[in-house]
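A quick write-up on the structure given underneath.
The values are calculated or read from the model by the stated rules, or taken from the named source; none is laboratory data. Being a predicted model, the structure only gives us computed values, none of them experimental. Cβ: placed from backbone, ideal geometry, glycine included. Neighbour counts: every protein chain shown. Remember, those area values only see protein heavy atoms, side chains included, never the ligands or the DNA or RNA. Shrake-Rupley method; radii C 1.70, N 1.55, O 1.52, S 1.80 Å.
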Amino acid sequence: MSADAAAARPTLTTHPAWHALSAHADDMRGRSLRALFAADPSRGTRFTAEAAGLYLDYSKNRITDETIRLLAALARACRLDERIAAMFRGEPINTTEGRAVLHVALRAPRDASIVVDGEDVVPGVHDVLDRMAAFAAQVRDGRWRGHTGRPIRAVVNVGIGGSDLGPVMAYEALRHYSARDLTFRFVSNVDGTDFAEATRDLDPAETLFIIASKTFTTLETMANARTARQWTLAALGDARAVARHFVAVSTNAKAVAAFGIDTSQMFGFWDWVGGRYSMDSAIGLSTMIAVGAERFHEMLAGFHAMDEHFRTAPVERNLPALMGLIAIWHANFFGAATAAVLPYDQYLKRLPAYLQQLTMESNGKHVTLEGARVDYETGPIYWGEPGTNGQHSFYQLIHQGTRIVPCDFIGFGRSLNPIGEHHDLLMANVFAQTQALAFGKTEDEVRAEGTPERLVPHRAFEGNRPTNTILAERLTPHTLGALVALYEHSVFTQGAIWGIDSFDQWGVELGKVLASRIVPELMSADDPPPAHDSSTNALIGRYRRMKAGTER
Ligand code: G6Q
């Protein structure tokens, strides 16, 4: 092995802290949550932490004080504190793209100062927020008129990935606070059905498109933007209508102008904002139009409160660090390949989809920052659905399957729609599920209920299945900001331990390049057979025939 390759070998699993955790995990495998709770009546209040309006109960994980001590030692060995400080200082910690990672600057208060390349970025952030606020107010109160003089009634965000998932999640999450006289739609998929269904019942004279694309080159978004322009012009019959019906959110002023949107109607952001970390930048324009600038700023304050907690709290009391380290404990020492996020709030129905991108695009990496192949597992697969729906579908596997699935349960003290006893029924399920997962039901307990012997194994629950419970008083913009920042920094913590770049996404490139080669091959039926592998050739051939109607 060359000296360079040897130097690039990952060192994580050689840390004494890793070995200590490995030995400790062997010990913990034989211990049950029943026994741990029985031995320590204060466990349910001791293994908790609170910040930015969120209460985290992590007692129902297979951990002890020793586990936390060892995980904190691992965090120190991996210099988590230095990584955090480097991010907040604006150092280019996204090394494969040579960029700073400063989504925390997007929610810094007006009087803060964060200097990148000799420039304080905070005034620029607030300039854009102020422009967004002025524009959002005009749309909300009807001063912003469409080309024919009618006020805007529908706002369509056109974007994909980080330019879609945040806006749609935040809109759904904050719908309670939204302007109900405006309709919001989100078009992301290049499948024409997405555009067709999103606009089917909209009136072009009253519709505003937000073209949200950091690069303004993304194939899907540009295709949908062109379709939106045609749809608008076909109805309004005048190219000048673009000025009243299109605004852009981008870092690429040249491409925005080339598309035909005046750059005075562009809301900018910066290359130190990653797509999946951008919902609180101008990418959140649809959110701001929906809930107004004041609520948007409340959300930013929630993000900022969690940022400050993450930056300053010791690991043992640091919610994102604890959640990240416990996720490592499950993924690397208990073989958990997936993790479920289960919000018990209908407004958070898109949170699992949002977190899938945040977690998996960030930490689905197989090489370290130095380019060495890792010799440990990295990002688990995130998935989930709002409770209680999930209980009637996949919870079976979480309770009695052969795999360990660590779960985050998210619930609120008060409903935004208090109807009868619904909220008590909802929250009873949160507490019951985490109880059942932790403590299960022994075969003896099942027998004692008079269960026939042949059914006893089927009706027993092993328990010992790990959960976190996150509680907040109510779903507010502030809570949403704190919750998203909690996951952002938990992802950061995991990436810092694994020594990977959580802020690039090279893994999405290859498919894009191959698709751009195949597009012309699909558009022409007369071209010679394509020269790919035999499977791809046959599939393209069949597609051409289906398209021509010669294959049925
Ligand atoms: C997120 C990714 C990715 C990106 C989309 C859209 O972190 O970078 O999901 O957000 O590919 O990119 P544009 O905003 O440039 O269109």
- Radius of gyration and Dmax for the stretch 311-422's Cα atoms, expressed in Å? 16.3, 57
- Task: For helix 534-548, report the angle its Cα long axis makes with the longest principal axis of the Cα atoms of the chain; keep it between 0 and 90° and round to the nearest 10°.
- Result: 40 degrees
- Message: Over the Cα atoms of the stretch 294-345, each weighted equally, I'd like the Debye log10 I(q)/I(0) at q = 0.16 Å⁻¹, rounded to two decimals.
- Response: -0.67
- Item | Cα gyration tensor shape of the stretch 36-180, rounded if a/c is under 1.5, else prolate or oblate by comparing a/b with b/c | oblate
- Note on the structure: What one gets for the stretch 1-115 as the Kirkwood radius, inverse of mean 1/r over different Cα pairs in Å, is 17.9 Å
- Surface/4 estimate of mean projected area, convex hull on alpha-carbon atoms of the stretch 429-552, nm²: 17.4 nm²
- Would you compute the Debye intensity of the stretch 214-268 from its alpha-carbon atoms alone, equal scatterers and no solvent, and pass along log10 I(q)/I(0) at q = 0.12, 0.19, 0.26, 0.28 Å⁻¹ to two decimals? -0.24, -0.61, -1.07, -1.18
- Note on the structure: Sorted by accessible surface (1.4 Å probe, heavy atoms of the protein chains only), largest first, LEU416, LEU486, LEU471 come out as LEU471, LEU416, LEU486
- Task: Find which of GLY371, ALA154, ILE497 sits farthest along the positive direction of the dipole of the chain, computed with +1 on the beta-carbon of Lys and Arg, -1 on that of Asp and Glu, about the Cα centre.
- Result: ALA154
- Message: Starting from a Cα-only point model with no solvent, please compute log10 I(q)/I(0) by Debye for the chain at q = 0.07, 0.09 1/Å.
- Response: -0.46, -0.76
- Item | Directionally averaged projected area (convex hull, Cα atoms, the stretch 391-471), nm² | 6.6 nm²
- Task: Evaluate Rg over Rh across the stretch 497-552, taking Cα atoms for both radii and Kirkwood's formula for Rh.
- Result: 1.23
- Query: What are the semi-axes of the equivalent ellipsoid for the stretch 314-378, taken as the square roots of 5 times the Cα gyration tensor eigenvalues, largest first, in whole Å?
  - Reply: 24, 16, 12
- On a 0 to 90° scale, report how tilted helix 319-328 is relative to the longest principal axis of the chain, with both axes built from alpha carbons and the result rounded to the nearest 10. 70 degrees
- Query: For the modelled label position 7 Å from the Cα of THR95 along Cα-to-Cβ, which residues of the stretch 369-397 have backbone nitrogen atoms closer than 14 Å?
  - Reply: 369-374
- Item | Degrees between helix 219-236 axis and first principal axis of the chain (Cα, 0 to 90, nearest 10) | 40 degrees
- Query: Once every DSSP H run of n ≥ 4 in the chain is given -39500 (n - 2.57) and the sum is divided by its residues, what mean residue ellipticity at 222 nm do you get, rounded to the nearest 500 deg cm²/dmol?
  - Reply: -13500 deg cm²/dmol
- Dividing the alpha-carbon radius of gyration of the stretch 187-308 by 2.2 N^0.38 Å (N being the number of residues), what value is obtained? 1.12
- Query: So which aspartates and glutamates can LYS547 reach, going by Cα to Cα under 17 Å and dropping same-chain residues fewer than 8 places off?
  - Reply: ASP191, GLU521, ASP526, ASP527
- Message: Only four residue types carry charge here, +1 at the Cβ of Lys and Arg and -1 at the Cβ of Asp and Glu. Report the dipole size of the stretch 408-552 about the Cα centre in Debye, rounded to the nearest 20.
- Response: 540 debye
- Message: So for the stretch 144-249, considering every pair of alpha-carbon atoms, how many percent are separated by more than 15 Å?
- Response: 60 percent
- Query: Per-residue accessible area for TRP383 at 1.4 Å probe radius, Å² rounded to 10?
  - Reply: 60 Å²
